[in-house]
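Working notes for the structure below.
We did not get these values from a lab; they are worked out from the coordinates using the rules stated. Just so it is clear, the model here is predicted, and its values are computed rather than measured. Positions of Cβ are generated from backbone atoms using ideal geometry, with glycine treated the same way; all protein chains shown enter the neighbour counts.
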Amino acid sequence: MLTRVAGFTAGAVALLALTVQAGEKPTSAYQEAMQSLGATNQALRTHIKAVEADGAYPDYMPIEKDAAAMKTAFAAALAFWQEKKVDHATNLALAGAKGVEDLQTAMKEKSYDGVVTAAATIGKTCGACHMAHREPLADGTFEIK
């Protein structure tokens, strides 16, 4: 009987810990990183359209600024999720950072297809993390799942 009570108590404590963690507001640094990623991803799409519109002499340089901002934001996301010890989100942040490296490489090589592929990978990575680890609230803000 005592073993059952101890097992039940341990399970209840673990469940309560998960519940408390699930309703957590992200840190301001993490929120800033996510806002930066969102704005930069929008700018990147605009810059990719401009590269396509430039035809034979595209200017890839605006993408360099986008990649630098994304690199910083993914580093903040990675630190946040590593601290939380959430492997899935950590792996997604690493995948996003790898996407940024691919974006930088494609930009330097002036590879339009490479830039588009890297941008799509980054976008999918962000979406996957949002679906798995973000809970929208009625006031328009988010909590960590």
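What the table shows:
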item: Cleavage-rule hits, trypsin sites (Lys or Arg not before Pro), the range 79-132, DSSP coil, Cβ neighbours within 10 Å at most 16; result: Lys85, Lys110
item: Low-density loop positions, GluC sites (Glu not before Pro), the range 79-145 - DSSP coil, at most 16 other Cβ in 10 Å; result: Glu109
item: Proximal lysine pairs, the range 47-110, alpha carbons under 22 Å, eight or more residues apart or interchain; result: 16
item: Under the Karplus curve 6.51 cos²θ - 1.76 cosθ + 1.60, θ = phi - 60°, whole-Hz ³J(HN,Hα) for the range 133-145, x wherever Gly or Pro sits; result: 10, 10, 10, x, 10, 4, 7, x, 8, 9, 10, 7, 6
item: Percentage relative contact order, the range 25-144, counting C-alpha pairs under 8 Å, at least six apart; result: 26
